[in-house]
1. Within the stretch 50-60, how many residues are of a type outside the set (Asp, Glu) and loosely packed, with under 15 Cβ neighbours inside 10 Å?
2. Please give the strands (runs of 3 or more DSSP E) falling wholly within the stretch 1-112 in which 2 or more residues are touching a Cys at 6+ places or on another chain (Cβ under 7 Å) and of a type in the set (Gly, Ala, Ser).
3. Any idea how many residues of the stretch 11-48 are over 26 Å from Ser79 (Cβ atoms) and either of a type in the set (Asp, Glu) or open to solvent by 30 Å² or more (accessible area, probe 1.4 Å) (or both)?
4. Write out, first by first residue and then by second, each pair whose Cβ atoms fall under 9 Å of each other, whose residues are 6+ apart or on separate chains, and whose first residue, in the stretch 89-110, is touching a residue at least 40 places away in the same chain (Cβ under 8 Å) while the second is open to solvent by less than 40 Å² (accessible area, probe 1.4 Å) and among the charged types (D, E, K, R).
5. Could you list, in sequence order, the residues of the stretch 113-141 that are outside any helix (DSSP H, G or I), over 44 Å from the mean Cα position of the chain (by Cα) and not acidic (Asp, Glu)?
6. Among the residues of the stretch 91-109 satisfying the criterion of being exposed (fewer than 11 other Cβ atoms within 10 Å of the Cβ) and not hydrophobic (A, V, I, L, M, F, W, C), which is nearest to Arg10 (Cα to Cα)?
7. Right, Lys19: without any contact (Cβ under 8 Å) to a residue 12 or more places away in the chain, basic (Lys, Arg) and under 19 Å from Asn85 (Cα atoms) or not?
Amino acid sequence: MTLEITSWLRIDEDELVWKATRASGPGGQHVNKTSTALELRFDVRNSPSLPEDVKARLETLAGSRLTQDGVLILFAQGSRSQEMNRQDARERLVELIRRATEKPKPRKATKPTYSSKLKRLEGKTKRGTVKSGRGRVKFDD
């Protein structure tokens, strides 16, 4: 089975490592005896499915969720159902990778217009005039 990220990018389910753990927080006896929380691990650096540029952007986007070895860890414990937590983690992974596939628009260098330069210089002159009038007052007797 594969996860479809975009029309041209798919990830094989074999690349995902799931680990069930007990959820933290309130919930009474149910929380103490069932392992509904899920930890999803995805090795970004060694994934054959991802192009190099997407890997680089994904590592940046992942932030603290990425280990030193380049493994992305997502923890899902919002639901009481393990299957719903699995679906939540899968959707979060897909969304993260989808955001990494978007290439940032290159910035085009621009120059300030002639009128904006003039306006800036006029403002500086005006401000300098105001400041020069603030000195000590000299009395001519």
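The values are calculated or read from the model by the stated rules, or taken from the named source; none is laboratory data. Computed from a prediction, not measured in an experiment: that's the story for all the values here. So basically every Cβ, Gly included, is an ideal-geometry build from the backbone, and we count neighbours across all protein chains shown. All accessible areas refer to the heavy atoms of the entire protein, side chains included, with ligands and DNA or RNA removed. Shrake-Rupley method; radii C 1.70, N 1.55, O 1.52, S 1.80 Å.
1. Residues of the stretch 50-60 that are of a type outside the set (Asp, Glu), as a first pass: 50-51, 54-58, 60.
Applying the additional criterion that residues be loosely packed, with under 15 Cβ neighbours inside 10 Å yields 51, 56, 60.
Of the residues in that region, 3 qualify.
2. Values: elements: 2-4, 10-12, 16-21, 37-43, 71-76.
Of the strands (runs of 3 or more DSSP E) lying wholly inside the stretch 1-112, none has at least 2 residues that are touching a Cys at 6+ places or on another chain (Cβ under 7 Å) and of a type in the set (Gly, Ala, Ser).
3. So the answer is 3.
4. That search, which allows pairs on different chains as well, returns Ala89/Glu39; Ala100/Lys55.
5. Gly133, Arg134, Gly135, Arg136, Val137, Lys138, Phe139 - these are the residues of the stretch 113-141 that are outside any helix (DSSP H, G or I), over 44 Å from the mean Cα position of the chain (by Cα) and not acidic (Asp, Glu).
6. Taking the candidates together, the pick is Glu102.
7. Answer is no for this residue.
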